[in-house]
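The values are calculated or read from the model by the stated rules, or taken from the named source; none is laboratory data. Computed from a prediction, not measured in an experiment: that's the story for all the values here. So basically every Cβ, Gly included, is an ideal-geometry build from the backbone, and we count neighbours across all protein chains shown. SASA here: full protein model, heavy atoms, side chains in, ligands and nucleic acids out. Shrake-Rupley method; radii C 1.70, N 1.55, O 1.52, S 1.80 Å.
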Amino acid sequence: MSEDRSATDIFRLLADETRVDILRAVAVAQYELEQVGSGAAEPAFSEIYDHVDVENTSKLSYHLGELTGTYLRKSDDGYSLSHAGERIVRFILSGNYEQPEAFGPKPVDGVCVFCGEEALEAKRSHQFFRIDCTSCEQQVTGQPITPAQGRTRDSESLVQSVKLRSAEDARQIRRGMCPECGAQLSADVIAVPESPLPDADPFVVTSTCEECLREYNSPLTYSVVFHPASIAFHWDRGIDVTARALGVSRASLRGALDVSTDLG
Ligand SMILES: [Zn+2]
Ligand SMILES: [Zn+2]
């Protein structure tokens, strides 16, 4: 982590409407210039000027100078977005700083991991897609969703997208990569004598990101079932565990995976 500039300094650079407009303009100009297979376009000064409502070129020049190094990169051809620029501008364009739209409660397929009843109901709660059991009244899962994820989908497609993202995240976590920031995760297996899950063993895999401080928990059984050796073992005996995971029990399976994280 670079300590040269404080986070406040970095965000203060954006406390100006013209600069936010410039980042947006770079993304729009890139989008217009890019062709399939051409790689990231580098809009020239004049192309950015065409997309920004700014008094004159010297004003634009000044603001571009302020953003360059943190949010933008400058080359002989033009400007492109840095990692921070990419993250911020996609966040702004997608409107992901808004509240996600309301959703549910809506009945979903699956079996409750706590009581075994088929009584699951999905809804949005703050930034989480939640599945609760109406029989034992426990929260079965809470997966973060983005406002754009909800806004661009109907409810069926939203459920699918939550499953997809969960599966992708789980795959990265198993391989030691933090889905949030990309840093290396450190994993540990801890014993939890009071496991609330009747069918799970009393061990939890806890993966911690020392960089962004995100923590991911999963019952050991669920962590090892998708290990390539386990997939192959089951495959040889006529069982496709990956397909099973995507079937009826998918929701409950994932539920146990993140329940402790999201309940905080
Ligand atoms: Zn239940
Ligand atoms: Zn992280």
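For the range 83-191, trypsin sites (Lys or Arg not before Pro) meeting the loop criterion (DSSP other than H, G, I, E, B) and having at most 15 other Cβ atoms within 10 Å: R175.
Per residue, the accessible area of the range 7-93 comes to 60 Å², computed with a 1.4 Å probe over protein heavy atoms only.
Ordering V162, V224 by accessible surface, largest first, gives V224, V162; the 1.4 Å probe counts only protein heavy atoms, with every chain in place. Distance from the alpha carbon centroid of the range 61-96 to that of the range 140-174 works out to 28 angstrom. Contact order, relative form, for the chain: 13 percent (alpha carbon pairs under 8 Å, 6 or more residues apart, mean separation divided by residue count). Applying a DSSP loop filter and a limit of 11 other Cβ atoms within 10 Å to the chymotrypsin sites (Phe, Trp or Tyr not before Pro) in the range 77-113 leaves Y97. In summary, the lysines within cross-link reach of K106, defined as a Cα separation below 30 angstrom excluding same-chain residues under 8 places away, comprise K123, K163. Rolling a 1.4 angstrom probe over the chain with all protein chains present gives an accessible area of which 51% lies on carbon and sulfur atoms.
The region of the chain that goes longest without hitting one of the GluC sites (Glu not before Pro) in a DSSP loop, each with at most 16 other Cβ atoms within 10 Å, is 212-264. When you filter the trypsin sites (Lys or Arg not before Pro) in the range 1-83 for DSSP loop state and at most 13 other Cβ atoms inside 10 Å of their Cβ, you are left with R5.
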